[in-house]
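Here, each number is a calculation from the coordinates, and none is a lab measurement. Since the model is a prediction, treat every value here as computed from it, not as a measurement. So basically every Cβ, Gly included, is an ideal-geometry build from the backbone, and we count neighbours across all protein chains shown.
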Amino acid sequence: MLYKDFQEKISAKLQKDLGLKNRLAVPRLLKVVINQRIPEARESKEFLNEAVVELASITGQRPVICFAKKSEAGFKIRKGDPLALKTTLRRQKMYDFVEKLFTLVLPTLRDFKGLPLGSFDSDANYNFTLEEQTVFSEIDLDKVKKVRSLQITLVTSTSVKKEAKMLLSALGLPFSKA
């Protein structure tokens with residue numbers, strides 16, 4: 001639904017607002033990357049498997065397990081230990097996830113007044129963190145043993161923060177007023 005709206009309406013509006021002659025120069029959402037740290041995964045495969053199932057139900061795609069590349073004694077990490085999960089969404093799954101996130105999940109957060117404007121990185125990608133995975137309706141609260149945060153990155157095709165902000169606002173991302 002959001003993808004169809006983007007192609008038919010939002011893209012044309014952005015092209016007009018930005019004064020672009022070529023419709024291919026309109027900023028686009030390239031991918032959405034969702035990361036989740038699993039520090040307990042070193043001790044128990046059970047925590048890792050539960051986290052994989054939860055993230056797969058949230059995104060509709062099986063996550064990739066990220067392993068430690070080298071040992072670090074200060075953090076009690078050995079080479080090859082599972083550390084985190086990563087999922088990269090593209091095309092239709094990406095737009096479905098973004099629509100669900102912007103219209104259903106974010107507005108239902110307690111004391112939510114919008115996301116800050118200062119979370120753009122130098123490449124005009126937007127990064128934010130959800131404190132718990134239980135805000136998604138796909139998660140069965142009775143089966144959750146540990147609440148974990150999700151780091152979400154919205155990767156855009158532009159490197160200008162103003163254009164990226166206009167794109168994300170047009171897609172429905174609620175920014176804070178301040």
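In whole angstrom, how far apart do the alpha carbon centroids of the stretch 2-44 and the stretch 125-178 sit?
12
For the stretch 10-82, give the magnitude of the charge dipole about the Cα centre (Cβ charges: +1 Lys/Arg, -1 Asp/Glu; no others), in debye to the nearest 20.
The calculation lands at about 600 debye.
For the chain, take the longest principal axis of its alpha carbons; what is the angle in degrees between that and the long axis of helix 91-100, to the nearest 10 within 0 to 90?
With rounding to tens, the tilt is 90 degrees.
Convert each backbone phi in the stretch 79-87 into a coupling constant with the Karplus relation 6.51 cos²θ - 1.76 cosθ + 1.60 (shift: θ = phi - 60°), then list the ³J(HN,Hα) values in order as whole Hz, x for Gly and Pro.
With coefficients 6.51, -1.76 and 1.60, one gets 4, x, 6, x, 10, 7, 10, 9, 10 Hz.
Scan (i) 138; (ii) 115; (iii) 107 for the value of volume of the Cα convex hull per residue in Å³ calculated from this model and give just the label.
(i)
From the backbone phi of the stretch 108-123, what are the Karplus-calculated ³J(HN,Hα) couplings (6.51 cos²θ - 1.76 cosθ + 1.60, θ = phi - 60°) in whole Hz, Gly and Pro given as x?
Couplings: 8, 5, 5, 6, 7, 10, x, 8, x, 6, x, 8, 7, 8, 5, 9 Hz.
If you take every residue apart from Ala51 with its C-beta less than 9 Å away from the C-beta of Ala51, what net charge results, scoring Lys and Arg +1 and Asp and Glu -1?
-1
Would you be so kind as to identify which of Pro63, Ala73, Val32 lies farthest towards the positive end of the dipole of the chain, taking Lys and Arg as +1 and Asp and Glu as -1 on Cβ and the Cα centre as origin?
Sorting the options by dipole projection puts first Val32.
Treat the count of other C-beta atoms within 10 Å as a stand-in for reagent exposure and order Ile58, Ile139 from fewest to most.
Ile139, Ile58
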